[in-house]
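Report on the structure given below.
No value in this document is a laboratory result; all are computed from the given coordinates. These numbers come from a predicted model, not from an experiment. Neighbour counts are summed over all protein chains in view; Cβ atoms, including those assigned to glycine, are modelled from backbone coordinates with ideal geometry.
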Amino acid sequence: MAAVIGAHGITGEVRLRSFARSAETLRAYGPLHDEAGRCFSISAARQAKDDMVVRFAEVKDRSAAEALKGMKLYVARALLPATTADEYYHTDLIGLAAVDDSGRRIGKVVMVHNFGAGDVLEISGETGADILIAFTRDNVPKVDIKAGRIVVTVPNEAGTGEGGTL
């Protein structure tokens, strides 16, 4: 749901990179949890330029806020809104088998990145090499969460109009 990117000020506030639409939306989820299960209750939150500034009831000073840098924060899956057709949570994609059009296993989705221009799937290839591919309908024409797989195709080669499988 969010990641702590640093302390803000001297009173224990933190800067968050949030995946919620707004500070109000993040607060509406209720307490956030870290990977160890520790609970963090939001007592105040506001939008900042490119992130959010949040005060957690459990964090009392700058030193405690600085200690949280890099921490990832989560909410229970049941609290998240349902997805629509062709909409996926990153966690739904991670772990899926990646196959070509003929069903030959290429690898496994190990991460979903977003560097600002859209989602990119990182696939750990069967040969040991990692593959990065833009998560577009052309490159990933089929996502089958229930079957545990995605179909991956190679984008058209530089202007040749010819695509293929990995």
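Here the sum of -39500 (n - 2.57) over DSSP H runs of 4 or more residues, divided by the residues of the chain, equals -1500 deg cm²/dmol at 222 nm, to the nearest 500. For the stretch 129-146, backbone phi angles converted through the Karplus equation (6.51, -1.76, 1.60; θ = phi - 60°) give residue-by-residue couplings of 8, 7, 10, 10, 9, 4, 7, 10, 4, 5, 7, 10, x, 9, 10, 10, 4, 4 Hz, Gly and Pro being listed as x. Per residue, the convex hull spanned by the alpha carbons of the chain comes to 146 Å³.
Taking other C-beta atoms within 10 Å as the exposure proxy, D86, D92 rank D86, D92 from fewest upward. Once the other residues with Cβ under 13 Å from the Cβ of H90 are scored (Lys, Arg +1; Asp, Glu -1), what is the net sum? Summing Lys/Arg as +1 and Asp/Glu as -1 gives -2. When the P(r) of the stretch 2-79 is calculated, the portion above 21 Å amounts to 15% of the C-alpha pairs. In a reduced charge model with +1 at each Lys and Arg Cβ and -1 at each Asp and Glu Cβ, the stretch 40-79 shows a dipole moment near 60 debye about its Cα centre. Hand me the GluC sites (Glu not before Pro) from the stretch 47-87 located in a DSSP loop with no more than 16 other Cβ atoms within 10 Å, in residue order please. Hits after loop and neighbour filter: E58, E87. Evaluating 6.51 cos²θ - 1.76 cosθ + 1.60 at θ = phi - 60° for every residue in the stretch 113-122, the Karplus couplings come out as 9, 9, 9, x, 10, x, 6, 10, 8, 9 Hz, glycine and proline recorded as x.
Residues K60, K146, K108, arranged from fewest to most other Cβ atoms within 10 angstrom of their Cβ, appear as K146, K60, K108. With a Förster radius of 25 Å applied to the beta-carbon distance between Q47 and I94, the computed FRET efficiency rounds to 0.35. In this simple spin-label approximation, S102 and T127 carry label points 7 Å from Cα along the Cα→Cβ vector, and these lie 1.5 nm apart. Remark: S18, S41 ranked as S41, S18, counting other beta-carbon atoms within 10 Å and listing the fewest first.
The alpha-carbon positions of the stretch 90-151 define a convex hull whose volume is 72 Å³ per residue.
Remark: the stretch 32-41, residue by residue, has Karplus-estimated 3J(HN,Hα) of 9, 10, 8, 5, 8, x, 5, 9, 10, 8 Hz, where x stands for each Gly or Pro and the curve is 6.51 cos²θ - 1.76 cosθ + 1.60 at θ = phi - 60°.
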